[in-house]
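Enquirer: Let me begin by handing over the structure; questions about it come next.
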Amino acid sequence: MKTIPARNGFAEVNGTRLYYEAAGEGQALVLIHGFALDTRVWDDQFDVFAQQYRVIRLDLRGYGRSALPAAENYRHVDDLKALLDYLDLQLGLPGATLIGLSMGGGVAIDYALTYPETVRALVLVDSTLGGFRWAINWSVKAREVGLESARKRWLAHPIFAASFEQPEVAARMAQIVEDYSGWHWLNRDPDRGMATAIERLTEIHVPALVIVGERDLPDFQAIADILVQGIPRAHKKVLRGSGHLPNMESPLAFNDCVLNFLATL
């Protein structure tokens, strides 16, 4: 695999400061990370996908090297649109493919509903979904136990059980979460996500690949089924042996799955 030159930087857009990295040429792929994570969760995909596509990964507002939220309401989808405009991708038809992990999948769904003309396809990986009623307890009680203990509780959550069976993945995850500010555990996030997304899936008309780890928690299995039933051109791929982070736990199988899907577009 040849090394593809990459650029990185900060974009002052939509009233915030977003960190991004870009590499490659051709159709645009946008990689969107999950909660408490950042661009590094895509280390096993960034260079691989950049061999064939123009790949952009970013830290969402409040994560990684991007700025923390302020008091004003905002939407991740508007931040993303502003960043892509800043990078001058000229995303008319056929638009970009959005690849979102967990919370990033929820952002990708909201984006496709908000800016449908700029989306070519979706890859939704163990995705969240606006309006879904969770059975999972997400609380780490950071205000009571402090940030260091909250980080330990987060990493010990059953959602990451499969990841921590692999020492290399566990070490990477521990470093990313150690670097997470914990802002969302301590503050009210003024992000205005789309609570009605679950009711609007039939409005998404682009091809969608729904990936779910075989060992992920029941809520995420349920969301994957809802997405496949609701998005007219969606199909599901279960990655055997993987949990919530198949792109890190089974990167070869994950990359093959995504690239095979992209080749059909």
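The values are calculated or read from the model by the stated rules, or taken from the named source; none is laboratory data. The model shown is predicted, which means the values in this text are computed figures rather than measured ones. No Cβ is skipped: glycine too gets one built from the backbone with ideal geometry, and neighbour counts run over all protein chains shown.
Enquirer: Give me the pairs, please: first residue somewhere in region 1-12 and farther than 14 Å from residue 57 by Cα, second residue anywhere and charged (D, E, K, R) and surrounded by fewer than 11 Cβ atoms within 10 Å (Cβ to Cβ), beta-carbon distance under 8 Å, and either six or more positions apart or on two chains.
Expert: So the pair list comes out empty.
Enquirer: If you scan region 182-206, which residues turn out to be under 9 Å from residue 130 (Cα atoms) and β-branched (Val, Ile, Thr)?
Expert: 196, 198
Enquirer: How many residues are touching a residue at least 40 places away in the same chain (Cβ under 8 Å) and surrounded by fewer than 21 Cβ atoms within 10 Å (Cβ to Cβ) when one looks only at region 109-147?
Expert: Here the count works out to 12.
Enquirer: Among what's in region 66-82 and is touching a helix residue (DSSP H, G or I) at 6+ places or on another chain (Cβ under 8 Å) and part of a loop (DSSP other than H, G, I, E, B), pick the residue that is surrounded by the fewest Cβ atoms within 10 Å (Cβ to Cβ).
Expert: 68
Enquirer: Tell me, yes or no, whether region 148-163 has at least one residue that is out of contact with any Lys or Arg (no Cβ under 8 Å at 6 or more places or on another chain), under 19 Å from residue 42 (Cα atoms), in contact (Cβ under 8 Å) with a residue 40 or more places away in the chain and among the small types (Gly, Ala, Ser).
Expert: Within region 148-163, one or more residues are out of contact with any Lys or Arg (no Cβ under 8 Å at 6 or more places or on another chain), under 19 Å from residue 42 (Cα atoms), in contact (Cβ under 8 Å) with a residue 40 or more places away in the chain and among the small types (Gly, Ala, Ser).
Enquirer: Further, regarding this structure: Would you check which residues across region 5-42 are over 30 Å from residue 71 (Cα atoms) and surrounded by fewer than 19 Cβ atoms within 10 Å (Cβ to Cβ) and list them?
Expert: 5, 6, 7, 25, 26, 27 - these are the residues of region 5-42 that are over 30 Å from residue 71 (Cα atoms) and surrounded by fewer than 19 Cβ atoms within 10 Å (Cβ to Cβ).
Enquirer: Can you give me the number of residues within region 240-265 that are touching a residue at least 24 places away in the same chain (Cβ under 8 Å) and either touching a helix residue (DSSP H, G or I) at 6+ places or on another chain (Cβ under 7 Å) or assigned to a helix (DSSP H, G or I) (or both)?
Expert: Total meeting the criteria: 16.
Enquirer: Take residue 126 and decide whether it is of a type outside the set (A, V, I, L, M, F, W, C) and closer than 30 Å to residue 231 by Cα.
Expert: Details: of a type outside the set (A, V, I, L, M, F, W, C): yes; closer than 30 Å to residue 231 by Cα: yes.
Against the criterion (of a type outside the set (A, V, I, L, M, F, W, C) and closer than 30 Å to residue 231 by Cα), residue 126 qualifies.
Enquirer: When the residues of region 1-41 are filtered to those that are basic (Lys, Arg) and not in a strand (DSSP E or B), which remaining residue is modelled with the lowest pLDDT?
Expert: Step by step, filter region 1-41, then rank; the result is 2.
Enquirer: Which one is modelled with the lowest pLDDT, of the residues in region 88-107 that are more than 12 Å from residue 118 (Cβ to Cβ) and part of a loop (DSSP other than H, G, I, E, B)? Don't jump to the end; show me each part of the working.
Expert: Kept after step one, since they are more than 12 Å from residue 118 (Cβ to Cβ), are these residues of region 88-107: 88, 99-107.
Then keep just the ones that are part of a loop (DSSP other than H, G, I, E, B); that gives 88, 102.
On the way: 88: 80, 102: 98.
Ranking the qualifying residues of region 88-107, first place goes to 88.
Enquirer: Going through 250, 242 one at a time, which residue ends up being in contact with a Leu (Cβ under 8 Å, 6 or more places away or on another chain) and more than 24 Å from residue 96 (Cα to Cα)?
Expert: The conditions single out 250.
Enquirer: Of 85, 44, which residue is more than 27 Å from residue 250 (Cβ to Cβ) and either free of Cβ contacts under 8 Å to residues at least 24 places away in the same chain or not in a loop (DSSP other than H, G, I, E, B) (or both)?
Expert: On inspection, the qualifying residue turns out to be 85.
Enquirer: Out of the residues in region 30-68 that are of a type in the set (Gly, Ala, Ser) and within 17 Å of residue 106 (Cβ to Cβ), which is farthest from the chain's Cα centre (by Cα)?
Expert: Per the stated criteria, the residue is 62.
Enquirer: Modelled with pLDDT of 95 or more, surrounded by 19 or more Cβ atoms within 10 Å (Cβ to Cβ) and in a loop (DSSP other than H, G, I, E, B): which single residue out of 169, 206, 212 fits that description?
Expert: Result: 206 is the single residue among 169, 206, 212 that is modelled with pLDDT of 95 or more, surrounded by 19 or more Cβ atoms within 10 Å (Cβ to Cβ) and in a loop (DSSP other than H, G, I, E, B).
Enquirer: Something else now. Here are 179, 88: which of them is more than 19 Å from the chain's Cα centre (by Cα) and either among the aromatic types (Phe, Trp, Tyr) or closer than 25 Å to residue 65 by Cα (or both)? Lay out the reasoning, then the answer.
Expert: Details: 179 fails: more than 19 Å from the chain's Cα centre (by Cα).
Exactly one residue qualifies, and that residue is 88.
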